[in-house]
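Data block below; observations after.
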Amino acid sequence: MEIRVKVPDHKDNFDMTSPASHPRDPLHGITLENIINQLVQRHGWSEMGRRIPIRCFQLNPSVKSSLTFLRKTPWARQRVEDWFIAELSQK
């Protein structure tokens, strides 16, 4: 006895995500580098290091070192993203 099972074609069900499909994600389409650059431009490294006391903001800060650290450190990235979102909601 042969049993045939129809396997759904995943190509038909594949939906490309677009900004309109993420209305509740305020960070959709915004890179971490963009977030850092905007915060540095608005507040400067010293204020960032004061608010989020991590070495990459306090000692010889750079966007590159911050990206490296934040990508490997979820709690720090979350604090940066939360700060950025808070500023977005104030506008």
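We did not get these values from a lab; they are worked out from the coordinates using the rules stated. What you see is a predicted model; the values in this text were computed from it and never measured. Backbone-built Cβ (ideal geometry, glycine too); neighbour counts: all protein chains shown.
Given N residues in the range 19-91, what is Rg(Cα) / (2.2 N^0.38 Å)?
The range 19-91 yields a ratio of 1.10.
Between Val63 and Asp25, with labels modelled 7 Å along Cα→Cβ, what's the label distance in nm to one decimal, could you check?
My value for the distance between the label points is 2.3 nm.
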